[in-house]
Amino acid sequence: MTKVAIIGGTGLTSIKGLEITGREIVQTPFGEPSGPLVRGNLAGQQVYFLPRHGAAHTIPPHKINYRANIWALKETGVEQVIAVNAVGGIREDMQPGKLIVPDQVIDYTVSRTNTFFEDGLKQVVHIDFTEPFCESLRQNIIQVAESVSIDVIKEGTYAATQGPRLETAAEVNRLENDGCHLVGMTCMPEAALAREQELCYASISVVANLAAGRGEEELTMEKIEKNLNDGMERVRQLLEAVIPSLD
Ligand code: HPA
């Protein structure tokens, strides 16, 4: 059975080495996922792939149906989910092109539906989210990266912002004062919903740009996408090495 899913972010709407064997349209009680789930073989393992912004990259972060995406993946029977997220780097070592496996999150998103546990409950549910990412999957990614000499930063606190606009320089200063090291728009509520569904979820975050106010240059989509290309090539290599190591 397919045990692993990859959720692709900006810069990863398809995976080069993925031999596609089918596409599954899944209906969920929460509406439609970002698109059909792509089933295929990557490095000899069956995986599901779902680009969270849609195949043509048209769904902005605040419009993603995170519940439908996680529900659909859960329905396939996968147990582990590797999310790929484009981010801005706040800490000095988080330069464009770097890969990070974050270990913490602060959620600054607003007005996103962020739970499965709200209607028709027999009892109120509060999940434990002390460690927002699945530590065994995180360690797996880190160890495999080391073994194939792909440089990854092993920890970091991900600030999840609402978007779709990028932050102001003052907002980034506040995020840094709060203890955040990288900033992106897609990790929440995705990570929390995955935990609610008891999926083992970890992120490979790719630095697309220095966070607002940290570099000299104006932040444009063109520059962000260009920086991402290089990082995503290494993400693909890392995924191809990690997937066979998961059981
Ligand atoms: N901020 C928020 N999300 C992002 C950024 C950023 O600087 N870069 C890529 N996604």
For this session: Enumerate cysteines in the chain without a disulfide-compatible partner, where compatibility requires another Cys Cβ under 4.7 angstrom.
Result: Cys180, Cys187
Seminar exercise, completed: Relative contact order in percent for segment 50-196 (Cα pairs under 8 Å, 6+ apart) equals 38
Problem set entry | Cα centroid of segment 123-152 to Cα centroid of segment 185-213, whole Å | 11
Seminar exercise, completed: Ranking Gln139, Leu193, Pro51 by how far each Cα lies towards the positive end of the charge dipole of segment 4-245 (+1 on Lys and Arg Cβ, -1 on Asp and Glu Cβ), the top one is Pro51
Exercise. Rounded to the nearest 5, what is the percent of antiparallel bridges among the DSSP beta bridges in the chain?
Worked result: 35
Problem set entry | Neighbour-count ranking [beta-carbon atoms within 10 angstrom, fewest first] of Lys122, Lys63 | Lys122, Lys63
Exercise. If each residue's Cβ is checked for other Cβ atoms within 10 Å, how do His126, His57 rank with the fewest at the top?
Worked result: His126, His57
Exercise. What ranking do Glu24, Glu92, Glu167, Glu79 get, fewest neighbouring Cβ atoms within 10 angstrom at the top?
Worked result: Glu92, Glu24, Glu79, Glu167
Exercise. Which loop trypsin sites (Lys or Arg not before Pro) in segment 142-247, with loop taken from DSSP, have no more than 11 other Cβ atoms within 10 angstrom of their Cβ?
Worked result: Arg165
Exercise. Where does the Debye-calculated log10 I(q)/I(0) of segment 4-245 sit at q = 0.11, 0.16 Å⁻¹, using only Cα point scatterers of equal weight, no solvent?
Worked result: -0.52, -1.16
For this session: Taking 7 Å along the Cα-to-C-beta vector as the label spot, tell me the Ala170-Glu32 distance in nanometres, rounded to one decimal.
Result: 4.1
Seminar exercise, completed: Here the relative contact order (percent) of the chain, from C-alpha pairs under 8 Å and at least 6 apart, is 27
Exercise. Quick one: of the DSSP bridges fully inside segment 1-108, what percent are antiparallel, nearest 5?
Worked result: 55
Exercise. In deg cm²/dmol, rounded to 500, what helix-only [θ] at 222 nm does the chain give when every DSSP H run of at least 4 residues adds -39500 (n - 2.57) and the total is split over its residues?
Worked result: -8000 deg cm²/dmol
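Every number here is computed from the coordinates shown, using simple stated rules; none is lab data. Since we're looking at a predicted model, the values are computed, not measured. Positions of Cβ are generated from backbone atoms using ideal geometry, with glycine treated the same way; all protein chains shown enter the neighbour counts.
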